[in-house]
1. Can you name the condition, by its number, that A151 falls short on among (1) of a type in the set (G, A, S); (2) open to solvent by less than 30 Å² (accessible area, probe 1.4 Å); (3) in contact with a Gly (Cβ under 9 Å, 6 or more places away or on another chain)?
2. Residue by residue through the stretch 57-109, note down the ones that are open to solvent by 20 Å² or more (accessible area, probe 1.4 Å), in contact with a His (Cβ under 9 Å, 6 or more places away or on another chain) and part of a helix (DSSP H, G or I).
3. Counting only residues that are within 26 Å of W90 (Cβ to Cβ) and of a type in the set (D, E), which one in the stretch 196-241 is surrounded by the fewest Cβ atoms within 10 Å (Cβ to Cβ)?
4. Which residue, of V112, V100, V71, is farther than 26 Å from Y216 by Cβ and not assigned by the TED database to the domain that holds F189?
5. Yes or no: the stretch 187-195 includes at least one residue that is open to solvent by 50 Å² or more (accessible area, probe 1.4 Å) and at pLDDT 90 or above.
6. Tally the residues that are within 21 Å of the chain's Cα centre (by Cα) and surrounded by 19 or more Cβ atoms within 10 Å (Cβ to Cβ), restricting the search to the stretch 15-35.
7. Between V293, V336, which is without any contact (Cβ under 8 Å) to a residue 60 or more places away in the chain, over 18 Å from M261 (Cα atoms) and either open to solvent by 60 Å² or more (accessible area, probe 1.4 Å) or part of a helix (DSSP H, G or I) (or both)?
8. Select from the stretch 146-168 the residues that are free of Cβ contacts under 8 Å to residues at least 60 places away in the same chain and part of a strand (DSSP E or B) and write down the one among them that is farthest from R122 (Cα to Cα).
Amino acid sequence: MDFSRVQLSEDDRAFRDELRSFLRSLVTDEVIRRDRETGENFDEGVHLALGAAGYLAADFKAESEGGFSVVRRRIWELEVGQAHTPWFHWGTTAMVARCVQLFGSPQLQQEVLPKVLSGHYRLCLGYTEPEGGSDVATCKTRAVREASGDAWIINGSKMFTSNAQNAQFVFLITNTDPDAPKHQSLTMFLVPLASQGVEIQPIRTVDGDRTNITYYSDVRVDDKYRIGEVNGGWSVLREALNAEHGTVERDDEGLQKLAAMSEHLLLLSEAVDRVAAVASDEDSARYRLGRTVARMEAAASTPEMFGRVAIAQTMRDVAPDLMDLLGAAAALPVGVGGAADGGGAEYMFRLAGPTGIYGGTLEVFRNMIAQQALGLGRPAYAPPVKR
């Protein structure tokens, strides 16, 4: 197996240096501090500047359409992560925009896509419901078509609509035929969040991030915002879920991001470096740090949904060990005087929990691996038969 480094051309080195300088001017200490305090993972000024500079369009488009080459895309992903850019929601926006491009009407594409690429439109996900768990196909949010056929009336609620407070549209899964089997009753809409009847309420997660619960009360949505066929929403949604789960087809270049959430390993590696700088020099500490680095390297080399599980599980296992190496002062968060490593390990400890939930829990992904990759049967959740 060849683990050689990619030799950058002079033009690619110039691109890297220009991007690095641009990010340094945008993602200031104040931006990072504000992001940690608000937990929004988004900064509008940064987002709009990246859109105006053409970086969003280059990331979204294929190389044949003027987008990044495979080398520059990898440079882009690494530099954005290493700069601590408030960035996680661009992946969601790009994923939904891809569905608009594939399944939306030409009219909807013309309305939405240019402003997505300029940074002025952001898109969020309306999947999970308060009582639905990870099975989004059990959707109860109803969309009823008006008699004229020109619009729909939507009623229901969604949990974990992250970034709704900064978005202009929500990619909403609805039930349009309650009598049909659950995978044949779904229709997708791109609902304008400024519509009358939409309410957004914040929820704080354990790591300090903000997500939302959204309510839809007699929300009238024009049929032009429907994405895909009526009752054909599962085909549309599956395209988005594959991208979110990291099960999309891979290219042959070897530079594509291996797994979803790999950006989190950049943050973890920085935390490990800070801990190593101040930890004891005893053999036991060196052993534990070495074991941590080995786990991180293994997770970073694991692809697709396997990698998603490996990354999240590694974070959950490693973060408490890092805090233990530093002692009680490691429990102090970023920005608090006396924090052992500037609060890095404590931040990773809080981030590790939700990382194993975003886009589906680790248990869901392990079941997917068991069934889809290993060919095992579906888990039996029924209580054991009494004898």
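1. (3) is the only condition that A151 fails.
2. H89
3. Among them, the one singled out is E199.
4. Checking each option against the conditions leaves just V71.
5. Checked against the condition, which is being open to solvent by 50 Å² or more (accessible area, probe 1.4 Å) and at pLDDT 90 or above, the stretch 187-195 yields at least one hit.
6. 3
7. Being without any contact (Cβ under 8 Å) to a residue 60 or more places away in the chain, over 18 Å from M261 (Cα atoms) and either open to solvent by 60 Å² or more (accessible area, probe 1.4 Å) or part of a helix (DSSP H, G or I) (or both) holds for just one of V293, V336, which is V336.
8. Ranking the candidates gives S157 first.
The values are calculated or read from the model by the stated rules, or taken from the named source; none is laboratory data. This is a predicted model, so every value here is computed, not measured. Every residue, glycine among them, receives a Cβ derived from its backbone with ideal geometry; neighbour counts consider all protein chains shown. Side chains are part of the model used for accessible areas, which takes the heavy atoms of the whole protein and leaves out ligands, DNA and RNA. Shrake-Rupley method; radii C 1.70, N 1.55, O 1.52, S 1.80 Å.
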